[in-house]
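Structure first, commentary second.
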Amino acid sequence: MLNGVNFNEETGGILGLGFAKDSFIDKAANKYGAKFSYCLVDHLSHRSVSSNLTIGGHHNAKLLGEIRRTELILFPPFYGVNVVGISIGGQMLKIPPQVWDFNAEGGTLIDSGTTLTALLVPAYEPVFEALIKSLTKVKRVTGEDFGALDFCFDAEGFDDSVVPRLVFHFAGGARFEPPVKSYIIDVAPLVKCIGIVPIDGIGGASVIGNIMQQNHLWEFDLSTNTIGFAPSTCT
């Protein structure tokens, strides 16, 4: 066991991609170039389908759109981005700007090691309220343990086209628009949940987790302090 993770014949270990002096990424950058990328397949993909990690560039995965770029904020050992807002269904939500400000004990991290996207409460509440407006006709599932997920429902016959698109707006105009399945997620047979959780308390950074990042190429350029992303099949 390492850091609470049990290893077995299907698990080789953990590769930390955090940035710090003498970290794996720091040493790899000296040899292969100050850039790395990964592309994460759907978290429910068959085990024969693999995500990929490339050091020193990006994998020649099939892209389904142009690469968009925004500022990468090194927040050792984490990687941060400047979020300026979230829109749902084309409407910008009323979220206090300090939620996205690292200098105001807020900010947003891009973290491949965190599963669920977590938002500070002043951001979580308007996002949650906007999403459940589209889910008034579903049958809510209660009485089961789905951890910190607040809203789960019976997915039989569910059509995700009724869910408005969620968009993260980054500084400089870049927009990250994940597919609906990345925030209305499958958690059990015929059960879906709003796959975003709240961060209570004062201070702390919101986190864009790996399910929200799936089906996208993410390229971290440490030489220019930029992060690029594009929808991709990861193949």
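The values are calculated or read from the model by the stated rules, or taken from the named source; none is laboratory data. All values derive from a computational prediction rather than experimental measurement. FYI the Cβ positions are ideal-geometry reconstructions off the backbone, even for glycines, and counts take in every protein chain you see. Accessible surface areas use protein heavy atoms only, side chains included; no ligands, DNA or RNA. Shrake-Rupley method; radii C 1.70, N 1.55, O 1.52, S 1.80 Å.
In the set Gly107, Gly85, Gly80, only one residue is modelled with pLDDT of 95 or more and in contact with a His (Cβ under 6 Å, 6 or more places away or on another chain); that residue is Gly85.
Considered as a group, the residues in segment 178-191 that are touching a residue at least 24 places away in the same chain (Cβ under 8 Å) and open to solvent by 40 Å² or more (accessible area, probe 1.4 Å) include one that is farthest from Asp159 (Cα to Cα), and that residue is Val187.
Could you please let me know if Val99 is part of a loop (DSSP other than H, G, I, E, B), surrounded by 17 or more Cβ atoms within 10 Å (Cβ to Cβ) and aliphatic (A, V, I, L, M)? So Val99 fails the test. Please verify whether segment 79-87 includes one or more residues that are buried (at least 19 other Cβ atoms within 10 Å of the Cβ), over 20 Å from Cys39 (Cα atoms) and touching a residue at least 40 places away in the same chain (Cβ under 8 Å). Yes, there is a match, as at least one residue in segment 79-87 is buried (at least 19 other Cβ atoms within 10 Å of the Cβ), over 20 Å from Cys39 (Cα atoms) and touching a residue at least 40 places away in the same chain (Cβ under 8 Å). Filtering Ser206, Ser223 for residues that are open to solvent by 40 Å² or more (accessible area, probe 1.4 Å), of a type outside the set (Phe, Trp, Tyr), touching a residue at least 24 places away in the same chain (Cβ under 8 Å) and closer than 19 Å to Val81 by Cβ leaves a single hit, Ser223. What are the residues in segment 104-139 that are open to solvent by 50 Å² or more (accessible area, probe 1.4 Å) and touching an Asp or Glu at 6+ places or on another chain (Cβ under 8 Å), if any? Residue satisfying the conditions is Lys139 alone.
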